[in-house]
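Below: one structure, written as structure tokens.
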Amino acid sequence: MAAGGLAGLLPSQTQLEYALLDADTSQEKENLVYQYLKKMDSRERDLTVPELGGDLQWLNTEGPISLHKDLCGKVVVLDFFTYCCINCLHLLPDLHALEHQFSDKDGLIIVGVHSAKFPNEKVLDNIKSAILRYNIVHPVVNDADATLWHELEVSCWPTLVILGPRGNMLFSLVGEGHREKLFLFTSITLKFYKERGQIKDNKIGIKLYRDSLLPSPLLFPGKVTVDHSGERLVIADTGHHRILITQKNGQILHTVGGPNSGRRDGRFSEAAFNSPQGIAIKNNVIYVADTENHLIRKIDLELEMVTTVAGIGIQGVDKEGGAKGEEQPISSPWDVVFGNSISGTQEDDVLWIAMAGTHQVWALMLEDGKLPKGSDLKKGVCLRFAGSGNEENRNNAYPHKAGFAQPSGLSLASEEPWNCLFVADSESSTVRTISLKDGAVKHLVGGERDPLNLFAFGDVDGAGINAKLQHPLGVTWDKKRKLLYVADSYNHKIKVVDPKMKNCATLAGTGEASNVIGSSFTQSAFNEPGGLCVEANGRLMYVADTNNHQIKVLDLETKILSMALPILNPEAGDVPDNLPVQKEKMTSLPKLPKSAPNVQLPSLTVAPGQTIQFLLKLALPPDSKLNEEAPSSWFITAEDNTWLLQGQRLSGEIKDVSCQTVIPFQLPESCLSAEAILAIKVCLYYCSKGSSACMMKGISFNQPLQIASTNQGSLTQVELIHTFLSN
């Protein structure tokens with residue numbers, strides 16, 4: 001491959017992008033892209049993509065796919081994504097539309113390259129669930145070690161790379177919101193290479209995972225809530241695009257929408273949703289976060305009607321709001337909860353919205369009222385309450401200056417001394433609070449102090465910042481016990497938080513993704529639970545055990561997980577049975593980015609049994625900080641001389657670059673060669689100021705060893721010094 005990865009495209013594509021800005025007509029734009037392709041195609045050497053490893057796991061295919069054999073003669077769109085990322089989810093409708101317009105017979109193939117952020121996302125069965133949940137119908141490869149990501153020097157999710165029929169790189173599109181360019185670049189590329197006879201119309205062996213699954217009553221239920229009486233449950237049957245209202249024994253009272261996605265108001269039998277998530281019920285009215293329709297819907301159980309109360313049905317980019325609800329564009333609402341304005345005369349006159357798509361918390365005024373640090377607002381207005389819109393873990397006394405990272409769960413504690421919203425902030429792996437007195441946003445548990453570090457995840461019980469979560473999606477307040485319960489989704493656990501002491505502890509779940517109803521909470525198992533609720537009397541907790549396609553019932557008094565709620569008389573739907581989950585295979589060593597420099601050190605004369613101390617001294621670019629909770633590490637390799645490594649400590653974490661890291665190495669007493677080379681490699685994650693992007697950088701120090709028979713002294717120190725430069 002020509003050097004530079006995606007950077008090799010930048011000079012030419014940047015010129016094209018500027019020219020497209022000045023183009024007035026579609027014909028001008030098409031001509032510019034056509035001329036660009038002529039230039040790229042006539043390069044002396046293609047910028048080619050390396051072959052994917054044959055040992056990688058593929059989904060939605062009949063077997064592994066070779067980029068250079070099976071996809072030769074195809075225009076290929078590589079989608080580098082990770083399934084937790086809301087920006088990646090926003091891109092899927094564009095890809096669905098593209099593959100609807102152009103098939104493999106037309107010469108187009110889309111390949112999802114899953115490059116995980118969280119450890120939980122490297123597990124194949126979890127990616128399978130995501131493919132089903134988001135209706136991905138093109139091939140997906142589990143690039144768990146991010147091999148192709150590093151080879152091409154991809155820097156953020158999502159990134160699209162468009163390849164020509166020789167595997168030659170032509171375009172890259174970083175982030176969401178490039179639908180027009182995606183269609184323009186793809187359509188002209190197909191035309192260009194068809195004219196040259198280089199497009200093949202053969203079919204690719206697609207075998208959709210969903211086609212082999214058995215039906216079951218629920219499909220990826222995202223959220224569950226219970227009415228004040230405790231007698232009725234509302235379930236977001238997300239994968240069936242419907243809302244179920246059931247009795248507490250699971251008997252269905254109403255089915256609203258489903259089983260197919262759509263966007264329609266009207267009677268229950270006519271209404272349609274698209275992957276609904278959050279739900280809130282009061283009396284006979286239910287509000288729904290209709291996530292992939294970018295709407296807030298209202299279900300009236302007496303009239304048996306569904307109406308739209310906020311959103312326009314397409315993804316919004318407005319981060320302020322202030323229009324009447326049905327005129328206000330919104331973006332991927334993920335949860336809703338009732339609350340009170342500070343000047344209203346009626347209870348529950350505000351609907352709080354976790355607006356995951358813009359990393360904010362919004363409000364829909366159900367009556368006239370006023371929000372903390374806000375002015376008087378009219379009924380029906382929908383606007384931002386907290387969050388700047390930057391994807392951050394930033395706390396602030398001023399709600400508009402705070403930053404969230406894909407808030408996905410909300411719960412209200414209206415009583416003193418709390419009087420706050422609890423927020424499950426999934427991408428920062430934290431739980432935060434928003435004061436309903438003054439709007440101040442504060443940290444409760446998880447994450448870390450650096451607002452730009454969105455990699456401070458884990459599974460650690462503890463207090464405040466010492467506690468660690470992994471992509472929590474749900475929270476619910478237990479008014480009776482004054483405790484908060486958290487769906488710690490990617491740790492497959494339910495955790496309990498005492499907000500007074502900021503203590504966070506495991507309540508239920510083994511930490512393994514499975515489906516077990518054990519004799520106690522901690523012997524029971526979940527699979528990415530997305531939502532939960534507690535009935536008003538504090539007895540029962542209901543958990544939306546999303547990837548197990550169940551609602552589980554926990555008795556908080558006996559501490560017994562009593563059952564999975566049976567859904568009685570359900571309509572048939574395409575729902576998978578539960579699949580066994582394999583434990584994630586631990587990879588032995590990380591792979592360095594292709595751009596990582598190799599530093600050749602002077603040869604060192606040593607003796608058998610001698611100790612070498614490598615003193616690692618690293619410096620980051622100005623205004624950068626190490627992601628202390630991300631897996632920054634050093635490790636040692638010795639190709640062709642693995643005898644050197646027996647009994648050695650071969651890797652370690654790098655927590656702080658402000659002081660040197662000491663790496664000890666002792667030569668064996670019996671050496672098999674007089675010469676050898678050790679490689680000390682470093683893999684760092686860090687954030688630059690003003691950006692929530694996590695950079696990955698690496699370096700390799702190669703240390704030649706001359707092994708003498710005479711004693712060279714008991715200890716030798718070698719300095720490993722490097723300064724990482726800004727991109």
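The values are calculated or read from the model by the stated rules, or taken from the named source; none is laboratory data. None of the values given here were measured: they were computed from a predicted structure. Neighbour counts are summed over all protein chains in view; Cβ atoms, including those assigned to glycine, are modelled from backbone coordinates with ideal geometry. In case anyone asks, the SASA skips ligands and DNA or RNA and just uses the protein heavy atoms, side chains included. Shrake-Rupley method; radii C 1.70, N 1.55, O 1.52, S 1.80 Å.
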Please work out whether the stretch 598-723 counts as rounded, prolate or oblate from its C-alpha gyration tensor, where a ≥ b ≥ c are the square roots of the eigenvalues and a/c under 1.5 means rounded, while otherwise a/b larger than b/c means prolate and anything else oblate? prolate
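Just to confirm, what accessible area per residue do you get for the stretch 53-125 at 1.4 Å probe, in whole Å²? Don't jump to the answer; show the numbers that get you there.
On the way: 2270 Å² over 73 residues.
Heavy-atom accessible area per residue stands at 31 Å².
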Subtracting the Cα-Cα distance of Thr723 and Arg481 from 0.36 nm times their residue separation yields 81.9 nm
The stretch 6-211: antiparallel DSSP beta bridges as a percent of all, rounded to 5: 60 percent
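With a 1.4 Å probe and every protein chain left in place, work out the accessible area per residue of the stretch 598-723 in Å², rounded to a whole number.
Value for the stretch 598-723: 48 Å² per residue.
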For a quick check of understanding: with a 1.4 angstrom probe and all protein chains in place, what accessible area in square angstrom does Trp157 have, to the nearest ten? 60 Å²
Dipole moment magnitude, nearest 20 debye, the stretch 107-212 about Cα centre, only Lys, Arg, Asp, Glu C-beta charged: 420 debye
To the nearest 10 degrees, the tilt of helix 86-101 (Cα long axis) against the first principal axis of the alpha carbons of the chain is 90 degrees
Probe 1.4 Å - accessible area at Arg179, Å² to nearest ten: 110 Å²
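Between Lys282 and Gln648, how high is the FRET efficiency from 1/(1 + (r/R0)^6) when r is the Cβ-Cβ distance and R₀ = 56 Å? Nearest 0.05. Could you put the intermediate results ahead of the total?
Details: r = 63 Å, r/R0 = 1.13.
Efficiency for this residue pair is about 0.35.
Using a cut-off of 11 Å between beta-carbons, work out the net charge of the residues near Glu304 (Lys and Arg +1, Asp and Glu -1, Glu304 not included). The partial results should precede the final answer.
Details: positive: Arg267; negative: Glu270, Asp300, Glu302.
Every neighbour counted, the sum reads -2.
Please report the antiparallel percentage of the DSSP beta bridges confined to the chain, to the nearest 5. The partial results should precede the final answer.
On the way: 152 of 179 bridges.
Around 85 percent antiparallel, to the nearest 5.
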Describe numerically, in nm with one decimal, the distance between label points set 7 Å from Cα along Cα→Cβ at Asp318 and at Ile517. 4.7 nm
Using a cut-off of 11 Å between beta-carbons, work out the net charge of the residues near Thr358 (Lys and Arg +1, Asp and Glu -1, Thr358 not included). -1
Give me the number: length gained by fully extending Ser269 to Ala7, i.e. 0.36 nm times residue separation minus the C-alpha to C-alpha distance, one decimal in nm. 89.1 nm
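Determine the share of the stretch 298-439's accessible area contributed by carbon and sulfur atoms, expressed in whole percent, with a 1.4 angstrom probe.
The computed percentage sits at 48.
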As a test question: what accessible area, to the nearest 10 Å², does Asp376 have when a 1.4 Å probe is rolled over all protein chains in place? 120 Å²
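How high is the relative contact order of the stretch 6-211, in percent, with contacts defined as C-alpha pairs under 8 Å that are six or more residues apart? Don't skip to the end; give the middle numbers.
Values: 319 pairs, mean separation 64.9, N = 206.
32 percent.
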The helix 179-195 Cα axis meets the longest alpha-carbon principal axis of the chain at an angle in degrees, between 0 and 90 and rounded to 10, of 50 degrees
Solvent-accessible area, 1.4 Å probe, carbon plus sulfur percent, for the stretch 598-723: 47 percent
Taking all protein chains as present, what is the carbon and sulfur share of the accessible area of the stretch 6-211, in % to the nearest whole number, probe 1.4 Å? 50 percent
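With a cap of 14 neighbouring Cβ atoms within 10 Å, and only residues DSSP puts in a loop, list the trypsin sites (Lys or Arg not before Pro) found in the stretch 418-475. Kindly include the intermediate steps, with their values, before the conclusion.
On the way: sites: Arg432, Lys437, Lys442, Arg449, Lys468; in loops: Lys437, Arg449.
Taking the stretch 418-475 and a limit of 14 other Cβ atoms within 10 Å, the loop trypsin sites (Lys or Arg not before Pro) found are Lys437, Arg449.
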Hey, if we sort Arg210, Arg297 by accessible area with the 1.4 Å probe, largest down, what's the order? Arg210, Arg297
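With a 1.4 Å probe and all protein chains left in place, how much accessible area per residue does the stretch 214-565 have, in Å²? Don't skip to the end; give the middle numbers.
Details: 11710 Å² over 352 residues.
Heavy-atom SASA per residue in the stretch 214-565 reads 33 Å².
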By how many degrees, 0 to 90 and rounded to 10, does the Cα axis of helix 10-22 deviate from the longest principal axis of the chain? 40 degrees
Do any of Lys122/Lys203; Lys442/Lys479; Lys401/Lys617 go past 32 Å between their Cα atoms, and which? Lys401/Lys617
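Top to bottom by accessible area (1.4 Å), largest first, where do Tyr686, Tyr34 land?
Working: Tyr686 5, Tyr34 50 Å².
Ranked list, largest accessible area first: Tyr34, Tyr686.
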Considering only the other residues whose Cβ falls under 14 Å of the Cβ of Asn598, what net charge follows from Lys and Arg at +1 and Asp and Glu at -1? +2
Percent relative contact order for the stretch 214-565, counting Cα pairs under 8 Å at least six residues apart, stands at 11 percent
Place a label point 7 angstrom from the Cα of Glu347 along the Cα-to-Cβ direction, then list the residues of the stretch 413-435 whose backbone nitrogen is under 15 Å away. 413-416
Each label sits 7 Å from Cα toward the beta-carbon; between Tyr18 and Asn466 the label points are separated, in nm, by 5.5 nm
When only DSSP loop residues count, what GluC sites (Glu not before Pro) in the stretch 347-440 have their Cβ near at most 14 other Cβ atoms within 10 Å? Glu347, Glu415
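Normalising by the residue count of the chain, find the relative contact order in percent from Cα pairs under 8 Å and 6+ residues apart.
Working: 1951 pairs, mean separation 63.6, N = 727.
That works out to 9 percent.
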Low-density loop trypsin sites (Lys or Arg not before Pro), the stretch 494-574, at most 13 other Cβ within 10 Å, DSSP non-H/G/I/E/B, are Lys500, Lys559
